[in-house]
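Peer 1: After the structure tokens below, expect a handful of questions from me.
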Amino acid sequence: MKKVRKVVFPAAGFGTRFLPATKVIPKEMLAVVDKPIIQYGVEEALAAGCEQIIVITAHGKSAIEDHFDISHELETALEKRGKFELLELSRRISSMVDISYVRQKDAKGLGHAVLMAKDLVGDEPFAVILPDDVIDAPVPCLKQMMSVFERVQSSILATHKVEGPAISSYGVLDGDPIEPGSRIIDVRGMVEKPKMEEAPSKNAIIGRYILTPTIFELLEKITPGAGGELQLTDGIKGLLATEKVYGYNFEGTRYDAGDKFGMLTATVDFALKREDLGPRFREYLKGLKL
Ligand code: G1P
């Protein structure tokens, strides 16, 4: 029985959908309420039992490394001022997990970013979390997928239904549930960012993957696909020739926090759920009389 121990976080993109905020600040460091979106992903990886995190970074992304590192200056200042709760919060982040960083020198696409992790992952199944996709779920999404992996021991892609023209912003699966009503889909094919009329289903790929290491050989061979980029979806499509690939319709709500509207809805929903902010924020929203 194989176990998934490592998670790759591609975080090398420019974040153009969020300019000007992302001119200097990595989009992965934008906060939903008070926590950078990448930290939601890291906490999900830990909750799923993963031990090693590999972040694919690029020029201008050093704030991510600083965030998960110890800040002696900040800690000394908090200690002096007796702010022990905040001190604890800061220490918790830096002691959370061991993180390795790999630089992607050219933004050639998601497939290329994942390939950068080849040497650190080695010959074992691994997970990929796209930090833009923040998922609020009763059981963390990757943990749900781990349970499916224990059963199928094959690659699994998180998916959920997308209606209408928005489907063209996603990788889309072709396949059927393994049995009527099942959340697990037996995948036959997939296409990255299809035109609405050409989408094989409404099952959009969401940014959580469990992949077998065979993917690396395939990513080495792919050629530019949708948008002229080396697409992860094209590599996974290649896996289908020799291995099973499953979709998993996860339980939970997904927010595209790399998008302004998605970030706004995530902020409202997460703030409403917070004990310290929720009641006051709810009153404020009620008072808006929209
Ligand atoms: C990427 C993937 C796509 C997937 C999406 C989920 O696209 O290429 O298959 O559906 O993430 O968020 P991107 O959003 O980077 O364009």
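Peer 1: Would you check which residues across the stretch 141-178 are away from the ligand (no atom under 15 Å from the Cβ) and among the basic types (Lys, Arg) and list them?
Peer 2: LYS143, ARG151
Peer 1: To continue, here is another question. Identify all residues within the stretch 109-158 that are without any contact (Cβ under 8 Å) to a residue 60 or more places away in the chain and of a type outside the set (S, T, N, Q); write none if there are none.
Peer 2: Hits for the stretch 109-158 are ASP119, ARG151.
Peer 1: Return the total of residues in the stretch 2-18 being away from the ligand (no atom under 16 Å from the Cβ) and out of contact with any strand residue (DSSP E or B) (no Cβ under 9 Å at 6 or more places or on another chain).
Peer 2: 2
Peer 1: Got at least one residue in the stretch 81-95 being aliphatic (A, V, I, L, M), assigned to a loop (DSSP other than H, G, I, E, B) and within 20 Å of ILE37 (Cβ to Cβ)?
Peer 2: No, every residue in the stretch 81-95 fails to be aliphatic (A, V, I, L, M), assigned to a loop (DSSP other than H, G, I, E, B) and within 20 Å of ILE37 (Cβ to Cβ).
Peer 1: Next up: Taking the stretch 86-140 only, how many residues are hydroxyl-bearing (Ser, Thr, Tyr) and within 16 Å of the ligand (Cβ to nearest atom)?
Peer 2: 0
Peer 1: If you don't mind, there's one more thing I want to ask. Could you say which residue among GLY181, GLY207 is more than 15 Å from the ligand (Cβ to nearest atom) and either assigned to a loop (DSSP other than H, G, I, E, B) or within 23 Å of TYR255 (Cα to Cα) (or both)?
Peer 2: GLY181
Peer 1: Answer yes or no as to whether ILE185 is modelled with pLDDT of 95 or more, β-branched (Val, Ile, Thr) and touching a Pro at 6+ places or on another chain (Cβ under 7 Å).
Peer 2: Numbers: modelled with pLDDT of 95 or more: yes; β-branched (Val, Ile, Thr): yes; touching a Pro at 6+ places or on another chain (Cβ under 7 Å): yes.
For ILE185, the condition - modelled with pLDDT of 95 or more, β-branched (Val, Ile, Thr) and touching a Pro at 6+ places or on another chain (Cβ under 7 Å) - is met.
Peer 1: Any residue in the stretch 191-205 that is over 14 Å from ALA226 (Cβ atoms) sitting within a Cβ distance under 7 Å of a residue that is more than 12 Å from the ligand (Cβ to nearest atom) and hydrophobic (A, V, I, L, M, F, W, C)? List the pairs, counting only those 6 or more apart or interchain.
Peer 2: ASN203/ILE185
The values are calculated or read from the model by the stated rules, or taken from the named source; none is laboratory data. What you see is a predicted model, and the numbers here were worked out from it, not measured in a lab. Positions of Cβ are generated from backbone atoms using ideal geometry, with glycine treated the same way; all protein chains shown enter the neighbour counts.
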